[in-house]
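J.: Okay, handing you the structure first.
The values are calculated or read from the model by the stated rules, or taken from the named source; none is laboratory data. What you are looking at is a predicted structure, and each value in this text was computed from that prediction instead of being measured. Glycine also receives a Cβ, built like all others from the backbone with ideal geometry; neighbour counts cover every protein chain displayed.
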Amino acid sequence: MTGIAVIGTGYWGKNHVRTYSELLSEGLIDKVVICDINEKRAKELGELFRIDYITDYRKILNDPTINGVSIVTPSPTHFHLAKELMEAGKDVLVEKPMTMDIAQAEELVKVAESTGRILMVGHIFRHHPAVKELKQRIDLGELGSIRIMLGNRFSFGAPRKDMGVIYALGIHEVDIFCYLVNKEMPLSILADTRCSLQDDIEETAMIAMDFGDTTGYAFESWIMPAYGKHRDLVVVGSEKVAKIDYLKPQELHIFDMRIAEQDIQDNVIFSVENEGSYTIPIPYAEPLKEELCHFIECIASRQEPISSGTIGMRAVRMAEAALMSAKEGKKVLF
């Protein structure tokens, strides 16, 4: 029997509840419980999906029918909730960022190791169908050697008060860049931020990550109205270029283009080879559902998640480094 609890029923927590209710109806799990200190919200969601609800997470600690817990609460609460739940014998999926402090992230990894619990972090784009397709093609060498990765996340709206764009958005890029080029960490991070609306809460950030032969660039902003909601990734290889629109998980665009070099009498001549572009259709799969199914598989098999606690800890370390780089105006070396 696999029982799941969801702590937190805000905007993203509701999506966890909805998806787990689908998995419950499909027979992939046996029980779902909602937990939120806001009883009205928990009750409404429970009635909508016909799921039991509670308002005190401590009831989960000694409930033998609950194996795994999704923690979808505000980031400052992640540490103590994840620690207490793992120490009570529960496997945990904690939303990103796993913490906003590297020391706390490191301690959660140690707690997972000492208790033998699954610690998974919600780096959802590792479960995005187009990202998985791109990753396979990079690993097969189809794009050649990777030269540049560029990630853009733009929108226009009121900024958050608990964190800026680096922790809210850029943490996706720093993780995905490492994932695509099979690196634990970059050699260095250089970042620049702007806090024009609130002190110490950046609403725009540029992040550059040096991987040696590859450089990753991330541009994050909440005050960019020209593009609407915009989320994309471009990967430039020596043989081909790939582009993902994150809002279209069923497509991967390939540009069969490269810059060719020819040595003529000790002079290097560059030319562009363009053989056109095409779109690779990808079967639809909801990234969140893929992520939660993976969590359930890890609970059953005890395998390490592809977005493990260690992965989440590295993302926190890189986010902290980006903020430090912006503050000090220089590269942070790893």
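J.: Residue by residue through segment 76-99, note down the ones that are surrounded by fewer than 21 Cβ atoms within 10 Å (Cβ to Cβ) and touching a residue at least 60 places away in the same chain (Cβ under 8 Å).
T.: P76, L81
J.: Out of the residues in segment 19-42 that are touching a Phe, Trp or Tyr at 6+ places or on another chain (Cβ under 7 Å) and part of a helix (DSSP H, G or I), state the one that is farthest from L288 (Cα to Cα).
T.: Selected residue: A42.
J.: In addition: If you go through segment 197-222, how many residues are β-branched (V, I, T) and in a loop (DSSP other than H, G, I, E, B)?
T.: The total comes to 1.
J.: Which of the residues spanning segment 156-172 are under 13 Å from the mean Cα position of the chain (by Cα) and touching a residue at least 60 places away in the same chain (Cβ under 8 Å)?
T.: Of all residues in segment 156-172, those under 13 Å from the mean Cα position of the chain (by Cα) come to 166-172.
Of everything in segment 156-172, those that are under 13 Å from the mean Cα position of the chain (by Cα) and touching a residue at least 60 places away in the same chain (Cβ under 8 Å) turn out to be I166, Y167, G170, I171, H172.
J.: Quick check: anything in segment 52-70 surrounded by fewer than 15 Cβ atoms within 10 Å (Cβ to Cβ), of a type in the set (D, E, K, R) and over 23 Å from G116 (Cα atoms)?
T.: Looking through segment 52-70, at least one residue is surrounded by fewer than 15 Cβ atoms within 10 Å (Cβ to Cβ), of a type in the set (D, E, K, R) and over 23 Å from G116 (Cα atoms).
J.: Using beta carbons and a limit of 6 Å, which pairs, at least six apart or on different chains, have the first residue in segment 34-50 and under 19 Å from I66 (Cα atoms) and the second one assigned to a helix (DSSP H, G or I) and of a type in the set (S, T, Y)?
T.: These pairs meet every condition: F49/S21.
J.: For T65, indicate whether it is under 19 Å from G312 (Cα atoms), hydroxyl-bearing (S, T, Y) and assigned by TED's automatic domain parsing to the domain that holds H294. Give the steps one after another, and end with the answer.
T.: Working: under 19 Å from G312 (Cα atoms): no; hydroxyl-bearing (S, T, Y): yes; assigned by TED's automatic domain parsing to the domain that holds H294: yes.
The answer is no for T65.
J.: Of all residues in segment 285-325, how many are hydroxyl-bearing (S, T, Y), more than 14 Å from the chain's Cα centre (by Cα) and not assigned by TED's automatic domain parsing to the domain that holds L187? Outline the logic, then answer.
T.: Initial filter on segment 285-325 (hydroxyl-bearing (S, T, Y)): 301, 307-308, 310, 325.
If we keep only those that are more than 14 Å from the chain's Cα centre (by Cα) too, we end up with 301, 325.
Keeping just the survivors that are not assigned by TED's automatic domain parsing to the domain that holds L187 gives 301.
The total comes to 1.
J.: Continuing with the same structure: Give segment 169-215 a look and list any residue that's of a type in the set (G, A, S) and surrounded by 22 or more Cβ atoms within 10 Å (Cβ to Cβ), or say none.
T.: Answer for segment 169-215, where residues must be of a type in the set (G, A, S) and surrounded by 22 or more Cβ atoms within 10 Å (Cβ to Cβ): G170, A191, A205.
J.: Of the residues that sit in segment 100-123 and are surrounded by 22 or more Cβ atoms within 10 Å (Cβ to Cβ) and within 15 Å of the chain's Cα centre (by Cα), which one is farthest from T77 (Cα to Cα)?
T.: H123
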